[in-house]
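What follows is a single structure, written as structure tokens, with notes after it.
Read-outs throughout are calculated quantities, based only on the coordinates presented, and are distinct from any laboratory measurement. Nothing here was measured: the structure is a model prediction, and the numbers come from that model. Neighbour counts are summed over all protein chains in view; Cβ atoms, including those assigned to glycine, are modelled from backbone coordinates with ideal geometry.
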Amino acid sequence: MPGPTMQPVFRFAPSPNGFLHLGHALSALLNADLAARLGGHLLLRIEDIDPERCRPEYEAAIIEDLAWLGLSFPEPPLRQAREMAADAGPLDALRRRGLLYRCFCSRSETARLVAEREAAGTPWPRDPDGAPFHAGPCADLSEREAAARAASGAPHAWRLRMARALEEIGPVPSVRCLDAQGRDAGDRPARPADWGDVVLARRDVPTSYHLAVVVDDARQGVTHVVRGADLERATDAHRVLQALLGLPPPAYHHHRLLAGPDGQKLAKSTRSTALRALRAQGWTPADVRRTVGLGPAT
Ligand code: GLU
């Protein structure tokens with residue numbers, strides 16, 4: 001918990017897999033407003049761990065759009081992909097403690113196993129993102145067998161043994177919440193068991209969103225996380241990783257999500273709300289602030 005003399009550190013952490021839209025503008029501007037109000041600063045992090053979807057041209061566009069909105073950052077952005085190869089430490093630490101297992105199931109294999117179980121009449125648990133819990137035999141493979149399969153080139157992810165992790169950390173951690181003005185809004189208990197055995201290293205990448213985000217928040221000294229409500233439940237899994245790795249937990253505010261013209265949550269594919277499309281139509285940064293429900297810049 002930041003002490004009274006500690007400067008608050010906020011971050012905006014977009015993934016360069018599309019153009020920023022009004023929802024991102026809300027997130028970035030709210031972060032900047034709260035950082036200014038609390039006398040802190042705002043960092044930029046480019047969350048580019050997904051090699052399939054992230055593109056340098058989107059990163060360049062993000063940086064340009066943020067500058068157009070009037071945001072500046074005191075440090076060059078941290079790029080996850082560039083940093084992660086250099087830091088296998090957190091994953092190794094968890095592996096050595098017997099908290100991880102290799103998962104050889106592909107998505108289609110998992111879908112087949114889940115369908116089989118559900119056909120037998122048992123509804124299979126899903127995590128808060130709707131992904132089915134691990135359904136294969138991987139958690140029970142002996143280390144020898146799993147290592148042999150991996151050595152023979154079988155692609156695999158690494159999953160957290162959530163039940164064992166929760167036993168290890170003791171009392172379930174809570175999430176320190178902030179309101180939309182950045183004021184303390186009390187604690188809520190986390191419900192990490194709802195996530196099951198989360199993936200901490202993907203088949204194609206030696207990390208995952210959940211692991212990278214907690215490691216990078218700690219690496220950047222982030223004290224205040226302000227992000228969309230779609231990530232609120234992910235925080236429950238993040239609190240477990242912070243407890244396991246001994247990382248200081250930030251306080252969290254999850255802001256409302258904006259809906260698009262179709263009433264659905266804005267997506268990067270909704271071209272009409274992309275900041276660059278609005279800019280081309282003559283919108284100003286003040287129009288953006290007003291539209292996302294923020295008052296004039298102070
Ligand atoms: N990179 C994530 C996104 O673009 C945000 C992650 C976070 O703020 O924790 O949706």
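Placing pseudo-labels 7 Å out from each Cα toward the beta carbon at Lys265 and Ala67 gives an inter-label distance of 3.1 nm. Considering the zone a paramagnetic label at Asp87 would reach in this model (a point 7 Å from Cα along the Cα-to-Cβ line), which residues of segment 186-220 have amide N under 18 Å from it? Only 200-202, 205-220 fall inside the zone, counting backbone N under 18 Å. Label-to-label distance for Ala148 and Glu116 is 2.1 nm, based on points extended 7 Å past Cα in the beta-carbon direction. If you bin all the Cα-Cα distances of segment 98-193 at 10 Å, starting from zero, the percentages per bin are 13, 32, 30, 17, 8, 1. For trypsin sites (Lys or Arg not before Pro), the sites in segment 146-201 that DSSP calls loop and that have at most 16 other Cβ atoms within 10 Å are Arg183.
Every pair of different Cα atoms in segment 232-284 enters the Kirkwood calculation, which places the hydrodynamic radius at 14.2 Å. Three semi-axes describe the equivalent ellipsoid of segment 1-109; taken as square roots of 5 times the Cα gyration tensor eigenvalues and ordered largest first, they are 30, 22, 12 Å. The trypsin sites (Lys or Arg not before Pro) of segment 51-109 that DSSP puts in a loop, and whose beta carbon has at most 15 other beta carbons within 10 Å, are Arg53, Arg97.
Within the shell of other residues whose beta carbon sits under 14 angstrom from the beta carbon of Val175, the net charge comes to -1, with Lys and Arg scored +1 and Asp and Glu -1. With N counted as the residues of segment 53-123, its alpha-carbon radius of gyration over 2.2 N^0.38 Å works out to 1.87.
Only helical runs count toward this figure. For the chain, summing -39,500 (n - 2.57) over DSSP H runs of n ≥ 4 and dividing by all residues gives -10500 deg cm²/dmol at 222 nm.
Cβ crowding within 10 Å ranks Cys138, Cys103 as Cys138, Cys103, fewest other Cβ atoms first. If the chain linking Gln181 and His41 were pulled fully straight, counting 0.36 nm for each residue of separation and taking away their Cα-Cα distance, it would gain 48.9 nm. The slack in the chain from Arg97 to Trp124, taken as 0.36 nm per residue of separation less the alpha-carbon distance, amounts to 6.9 nm.
What is the spin-label model distance, in nm, from Gln7 to Thr284 if the labels are put 7 Å beyond Cα along the C-beta direction? Label at Gln7, label at Thr284, 3.1 nm between them.
Give the order of Leu294, Leu178 when sorted by the count of other beta carbons within 10 angstrom, beginning with the fewest.
Leu294, Leu178
Of the trypsin sites (Lys or Arg not before Pro) found in segment 206-298, the ones in coil according to DSSP and having at most 14 other Cβ atoms within 10 Å of their Cβ are Arg256.
The shape of the chain can be summarised by an equivalent ellipsoid whose semi-axes, obtained from the alpha carbon gyration tensor, come to 35, 22, 19 Å from longest to shortest. When the alpha carbon gyration tensor of segment 193-287 is reduced to an equivalent ellipsoid, the three semi-axes, largest first, read 31, 16, 14 Å.
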